[in-house]
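Data first, discussion second: the structure below is written as C-alpha cells.
Rule-based calculations on the coordinates, nothing more; no lab input. The model shown is predicted, which means the values in this text are computed figures rather than measured ones. Backbone-built Cβ (ideal geometry, glycine too); neighbour counts: all protein chains shown.
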Amino acid sequence: MLAKREIVLDTETTGLDPGSGHRIVEIGCLELINHLPTGQSYQCYLNPERDMPQEAYRVHGLSTEFLAKHKLFADIVEELLNFLEDSPLIIHNAGFDLGFLNAELAYLERQPLDPGRAIDTVLIARQKFPGAQASLDALCRRFNIDNSARTKHGALLDAELLAEVYLELIGARQTSLALSAAEATQAGSERVSSLRETRAARPHAPSEEEIAAHTAFVDRLEDPIWRK
C-alpha cells in the first residue's frame with residue numbers, strides 16, 4: 001500500500017483580514033504518514049513589515065521588535081512549498097489560513113494553494129458533534145488531549161495539538177493503538193520463542209528408583225496393561 005502523506009498546518013497573523021493589510025507572522029507544519037506523525041516539521045517566524053496590533057499580540061505574544069529580526073515571506077516561500085509538496089493540508093478553519101497564505105503568494109505573483117486540498121477539521125467536528133463547540137481548545141478537552149502548554153497561540157504547537165485532534169476525529173488513533181498492540185504481541189511472541197530456543201532441555205528418562213517403584217506398583221495389579 002502506498003504511504004499517504006498529509007500536512008497539518010497552522011498560522012499566526014497580525015489580524016483577521018489579509019485584505020486589510022494583515023500579514024502572517026508564524027507558520028507551523030507537521031508531517032503525517034498514514035495519519036501518524038513522523039517527527040518531521042517546519043516552523044518559521046516572519047517579519048510582517050508592519051506593526052503588531054495589541055489584540056493580536058495578546059493572542060500569540062509575538063511583538064513587532066521580535067519579528068523584525070526574522071525573514072520575510074518571500075525569503076522562505078520556496079522551502080515552505082517544498083515541505084508542503086502536493087500533500088493534503090489539515091487545517092482548523094481552513095478558509096482563514098489559506099486566505100492568508102494565498103494573499104502572501106499573490107504579493108509575490110505566485111500560484112495560490114488549491115482550497116480543494118484542504119481538510120477542514122472545524123467542518124469535521126461540526127458534522128460529528130452538531131451544536132458543540134469546535135474550537136481547538138474545546139476539542140482538546142473533549143478528547144482529553146493535554147493542551148496545558150498552550151498559554152499563547154503558537155503555530156507549531158497548535159499544529160501538534162491539531163494532529164492529535166484530527167486523529168481522534170477520523171478514528172485513526174484507535175487504528176494506531178491496535179497496530180501498536182499487534183506489534184507488541186508479535187514482539188512478545190518473538191521474545192518467548194527466543195527464550196525457548198536458548199533454554200536447556202530437561203532430562204525425561206526415569207531414574208532407577210522410579211523404575212523399581214513402578215515395577216512394584218505393577219506387581220500389585222491384576223492383569224496390568226503394561227505387561228501386554
Computed ³J(HN,Hα) along the range 17-32: with the Karplus parameters 6.51/-1.76/1.60, θ = phi - 60°, integer Hz and x for glycine or proline, the list is 9, x, x, 9, x, 7, 10, 7, 10, 7, 10, x, 9, 9, 8, 10
For K71, other-chain or 5+-apart residues with amide H closer than 5 Å (H placed, Pro excluded) are N47
So who's got an amide H within less than 5 Å of the one on Q40, skipping anything under 5 residues away but keeping other chains? H placed 1.01 Å off N, in plane.
-> E31
Please give the residues of the range 12-49, grouped as numeric ranges, whose backbone N is less than 15 Å from a label point set 7 Å along the Cα-to-Cβ vector of E85.
-> 30-42
Could you run the Karplus curve 6.51 cos²θ - 1.76 cosθ + 1.60 with θ = phi - 60° over the range 63-80 and give me ³J(HN,Hα) per residue in whole Hz, x for Gly and Pro?
-> 8, 4, 5, 5, 6, 4, 7, 9, 6, 7, 4, 4, 6, 10, 4, 5, 5, 5
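Sorting check: for 22-33, 49-60, which peptide has the highest mean count of neighbouring beta carbons within 10 Å, and how do the rest follow?
For the peptides 22-33, 49-60, the packing ranking is 22-33, 49-60.
Output the relative contact order of the range 5-177, whole-number percent, from Cα pairs under 8 angstrom with separation of 6+ residues.
Relative contact order for the range 5-177 comes out at 27 percent.
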In whole Hz, the Karplus estimates of ³J(HN,Hα) for the range 45-59 (6.51, -1.76, 1.60; θ = phi - 60°; x where Gly or Pro) are 8, 10, 7, x, 6, 6, 7, 9, x, 4, 4, 6, 4, 5, 6
Enumerate the amide H contacts of H22 below 5 Å, restricted to partners 5 or more residues apart or on another chain; note that Pro and chain-start residues carry no placed amide H.
-> D17
